[in-house]
Amino acid sequence: MKNIYKLLGLFILVSSTYSCGKDDLNLAPLSQIGDNAFYQNDEEIEGAVIAIYDGLQEVPMREFALTEMRSDNAKSKSREGDWAQFESFSVKSTNVAIVNYWRANYNVIFRANVVLKNIDVVQDGAKKNQYAAEARFVRALSHFNLVRAYGDVPLLDKVVTPTDSDYATYLAKTSAVDVLSFIQTDLEFAAANLPSKASASFGRATMAAAQGLLAKVYLTQGNYTAAQPLLTQLVANNQYALQAAYSDVFYSEKNNEILFAIPYTNDDVNESQDFSFEMTQGGQVSGLNFVTDDLAGAIDPADVERKPVLINPLDPKANAKFLTTSGNARLCGNDWIVLRLADVLLLHAEAIMAGQSETASVAAIKSYNLVRARVGLSTLPENGTAKLTKQMLMDERRIELAFENHRLYDLIRFGEAQNVLSIYATNTAVSFSPTDLLLPIPQAEINVSGGALLQNPGY
């Protein structure tokens with residue numbers, strides 16, 4: 001790390017050099033990425049855009065602990081230490097993982113705001129709109145990560161420093177409702193100005209990625225009417241297709257099922273990740289993101305295609321979705337998939353169901369069937385005689401998307417989190433309360449806020 005600086009007094013930002021390891025995400029570094037950098041032309045702004053993606057690489061590193069391990073999907077091996085706090089719904093405000101997740105996302109937001117502050121130096125109108133759209137897409141993604149994890153959080157719509165007159169205002173929380181509204185606005189702009197998949201390099205935001213994320217935001221807001229046409233459009237987009245084999249989604253890079261992913265490179269000290277190690281080889285020792293008995297029991301015995309991807313045949317306690325192929329297991333190149341077509345298909349069915357307990361919609365059933373047919377499971381008749389239930393849809397999402405950090409937020413969005421997790425907690429001899437659905441605000445951030453940032457209820 002070369003140039004370290006503070007944003008809002010809430011977090012420490014990371015290095016001024018960057019690259020993202022794939023295609024044109026691997027550009028020469030800027031001399032400086034802080035707000036005091038002097039941006040003069042299109043190329044320097046594009047460099048700052050690439051720096052946003054570089055910062056994004058930090059976000060998934062331990063995200064699984066905050067999501068999967070706070071659901072009925074995953075657990076630790078030892079049930080000890082900071083990691084066990086997640087599975088026992090007893091996360092402390094000093095937990096290192098929640099601190100790092102907060103800082104990683106605000107780092108990304110800061111970098112995006114630096115681009116937007118300086119965007120007017122771009123002379124090419126099309127490039128200007130694209131770079132702004134990329135910045136707003138990733139800014140929205142990080143705000144979405146934060147608001148779902150912590151609830152009310154500081155909303156950063158610009159670069160803010162301690163010398164600004166409104167600095168203290170930005171230290172305080174903004175309501176989750178207003179944060180989601182802001183995210184929606186960013187994504188609407190992104191969807192209107194990002195290029196198609198055919199015109200973008202892998203790892204950079206596209207129109208479809210923005211549409212998919214926007215649809216998920218609408219569903220989170222309960223706005224099914226707005227979500228449905230976006231998802232219908234994505235389902236019909238012939239640039240995307242389900243992989244023939246479920247395993248190919250994770251073991252074959254840059255495949256056509258992926259709408260947006262965060263790229264990594266094998267055996268590269270700057271461009272690799274180690275979450276794969278923690279879930280597989282490392283997990284056999286430390287036991288992170290292991291398969292719960294509850295999840296293992298929920299997998300249909302006939303699901304012979306997904307089961308060996310979810311449960312490691314060599315260790316039935318460990319998951320196998322991120323098996324390492326690197327020479328150094330701690331320097332893994334598995335990309336992190338943020339959004340893929342199977343997720344979109346099931347969201348499409350959810351939007352059509354519109355919060356009800358079931359639907360007879362043929363369009364919803366077709367989307368649901370595509371996911372099940374890919375893995376050879378039974379499907380519903382598509383002639384108007386069958387009904388897709390909420391429980392069926394939740395169950396399908398659980399298995400299809402296991403260990404991709406969706407389960408907890410799915411339960412919350414479907415209004416079933418308190419019920420499902422209360423039962424799970426009782427069965428695993430831990431205590432759960434509704435306030436556990438949000439993480440505590442990191443105590444270190446509260447300490448430096450001068451009292452502006454308040455702790456969440458229950459902590």
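The values are calculated or read from the model by the stated rules, or taken from the named source; none is laboratory data. These numbers were taken from a predicted model, which means no experiment stands behind them. Every residue, glycine as well, gets a Cβ built from its backbone with ideal geometry; the counts of neighbours run over all protein chains shown. The accessibility values were calculated without ligands, DNA or RNA, using every heavy atom of the protein model including side chains. Shrake-Rupley method; radii C 1.70, N 1.55, O 1.52, S 1.80 Å.
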query: Of all the helices (runs of 4 or more DSSP H) wholly in segment 404-459, which have at least 1 residues that are touching a residue at least 40 places away in the same chain (Cβ under 8 Å) and among the aromatic types (Phe, Trp, Tyr)?
result: 407-413, 417-427
statement: Checked segment 62-118 for anything in a loop (DSSP other than H, G, I, E, B) and under 30 Å from Gly47 (Cβ atoms); matches are Arg62, Asn118
statement: Selection over segment 258-279 where residues are within 19 Å of Ala320 (Cα to Cα) and acidic (Asp, Glu) yields a count of 2
query: Among the residues of segment 375-386, is any in a helix (DSSP H, G or I) and either surrounded by fewer than 21 Cβ atoms within 10 Å (Cβ to Cβ) or touching a residue at least 60 places away in the same chain (Cβ under 8 Å) (or both)?
result: no
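Residues are listed down the side, and each one gets a yes or a no for (1) modelled with pLDDT of 95 or more; (2) polar (S, T, N, Q); (3) more than 26 Å from Phe89 (Cα to Cα); (4) crowded, with 20+ Cβ neighbours inside 10 Å:
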{"residue": "Arg148", "(1), (2), (3), (4)": "yes, no, no, yes"}
{"residue": "Gly151", "(1), (2), (3), (4)": "yes, no, no, no"}
{"residue": "Pro162", "(1), (2), (3), (4)": "no, no, yes, no"}
{"residue": "Ala168", "(1), (2), (3), (4)": "no, no, yes, no"}
{"residue": "Lys173", "(1), (2), (3), (4)": "yes, no, no, no"}
{"residue": "Ser181", "(1), (2), (3), (4)": "yes, yes, yes, no"}
{"residue": "Thr185", "(1), (2), (3), (4)": "yes, yes, yes, no"}
query: Across segment 105-121, what is the total count of residues that are open to solvent by 10 Å² or more (accessible area, probe 1.4 Å) and within 25 Å of Gln211 (Cβ to Cβ)?
result: 2
- line: Checked segment 319-342 for anything modelled with pLDDT of 95 or more and charged (D, E, K, R); matches are Asp335, Arg340
- prompt: Which of the residues spanning segment 414-428 are open to solvent by less than 40 Å² (accessible area, probe 1.4 Å), of a type outside the set (Ser, Thr, Tyr) and out of contact with any Phe, Trp or Tyr (no Cβ under 7 Å at 6 or more places or on another chain)?
  reply: Phe414, Ala417, Val420
message: Looking at Ala244, Ala227, Ala209, can you tell me which residue is open to solvent by 10 Å² or more (accessible area, probe 1.4 Å) and at pLDDT 95 or above?
response: Ala244
